[in-house]
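Please treat every number below as a calculation from the coordinates, not as lab data. Everything numeric here is computed off the predicted structure, so don't read it as measured data. Don't worry about glycine lacking a Cβ; one is built from the backbone with ideal geometry, like all the others, and counts go over all protein chains shown.
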Amino acid sequence: MSIDTRVRVGSVELGHPVMTASGTAGYGTELASYLELGALGAVVTKSLAAFAWEGNPAPRLHPTPQGMLNSVGLQGPGVASWLERQVPLLEAAGATVVCSIWGRSVDDYAASAELLADAPAAVVAVEVNLSCPNLSGHGRAGMFAHDASLAAEAIAATAGCRRPRWAKLSPNTDRLVDVAAAVAEAGADAVTLVNTVLGMVVDRRTLRPALGSGANGGGLSGRAIHPVAVRAVHDVHRALPDLAIVGVGGVSSGWDAVELMLVGASAVQVGTATFADPAACARVATEIETWAAGRGIHRLADIAGIADAGGVA
């Protein structure tokens, strides 16, 4: 059975619903030896600022029973360096690209976006990372996604990128629907749900916080947060059915991805699973298609929202 894998995220058409998740696949072609980048819906970069940033002190990663805690702190070379060094490699690989950006202030977001105004056509969208919990000690970053007006202000400021914007939001707030509505009103073409869940672990030897960020803790990702992501996608889709959603959080199998789509996501991102299996995106993509064929579904786009529509027999 032939499956039409094309999906739309707002105004952007992708060849497949599966993408990499920001922060888990580098800035360029790091995964190219494990899978065909051009076969993915998109390669989503690690978040970049208008400036180079060193990130947080080590240690930055810590395993958990069903995932990982990170406090990398958005280390990166900056948008200009990425455009010069990495984008040509991504273009040569045939990749569709979504550039993730972040900032410590509204002006930072605007500056990052403006640097992307003349990016090549392969950069089809900009994911505006409004939820950076491991930067809570640096200015207002980490608070944008918890405040509807601040989030809207940041999204409005990124219009200079001259391409569709996806607002990446945090699950660490009881105002998620309000924030999603605000960013949509401010110009976001879609929302990406969700970023990491705030957490902390203590080192058995030192009896102190295990990450270099100390009492600030870090962001929990992986299978443990998947039900949180499913609930977030469901709630936002039910409240704002016309807003496109990219689902992310604990996707390590085709069913995990399908589950996010069933409750309203048009596309999904695979993140932490990539650390254990660099080809996870390709495997998840194949598993979605196999599931759809087994249910007699010819278009992957038709999966989105089935659960809210009453399911299928």
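What to note about this one:
- Helix-only CD estimate at 222 nm, as mean residue ellipticity for the chain, using -39500 (n - 2.57) per DSSP H run (n ≥ 4): -8000 deg cm²/dmol
- Label point 7 Å beyond Cα of R238 along Cβ direction - residues of region 157-176 with amide nitrogen under 17 Å: 174-176
- Residues M68, M261, sorted so that the one with the fewest Cβ neighbours within 10 Å comes first: M68, M261
- Region 31-40 - phi-based ³J(HN,Hα) in whole Hz, Karplus 6.51/-1.76/1.60, Gly and Pro as x: 9, 4, 7, 10, 7, 8, 4, x, 7, 7
- Whole-number D in µm² s⁻¹ for the chain, Kirkwood Cα-pair radius fed into Stokes-Einstein, 4 °C, 1.567 mPa s: 68 µm²/s
- Distance from region 92-117 to region 218-265 (C-alpha centre basis), Å: 24 Å
- Residue-wise HN-Hα coupling along region 193-199, computed from phi with Karplus coefficients 6.51, -1.76, 1.60 (Hz; x: Gly, Pro): 10, 9, 7, 5, 9, 4, x
- Potential extension, D308-R162 segment - 0.36 nm per residue separation minus Cα distance: 49.2 nm
- Karplus (6.51, -1.76, 1.60) ³J(HN,Hα), θ = phi - 60°, over region 267-277, in Hz, Gly and Pro reported as x: 8, 9, 10, 10, x, 4, 4, 5, 5, 8, 9
- Whether region 151-286 is rounded, prolate or oblate, judged on the alpha carbon gyration tensor where a/c under 1.5 counts as rounded: oblate
- Pairwise label distance in nanometres, R299 with T64, each label 7 Å out on the Cα-Cβ vector: 3.8 nm
- Rounded Å value of the spacing that divides the Cα centres of region 1-55 and region 144-188: 21 Å
- Taking other C-beta atoms within 10 angstrom as a stand-in for reagent exposure, L116, L61 fall in the order L61, L116, fewest first.
- Per residue, the average separation of C-alpha pairs within less than 8 Å and at least 6 apart gives region 164-313 a relative contact order of 19 percent.
- Residues whose placed amide H lies under 5 Å from that of S47, excluding near-sequence neighbours: G23
- Likely footprinting exposure, L40, L193, fewest C-beta neighbours within 10 Å first: L40, L193
- Antiparallel bridge percentage (DSSP; both residues within the chain; nearest 5): 35 percent
- Ranked by the mean number of other Cβ atoms within 10 Å of their residues, highest first, the peptides 118-129, 75-86 fall in the order 118-129, 75-86.
- Region 74-88-region 194-211 distance, computed between alpha-carbon centres (Å): 30 Å
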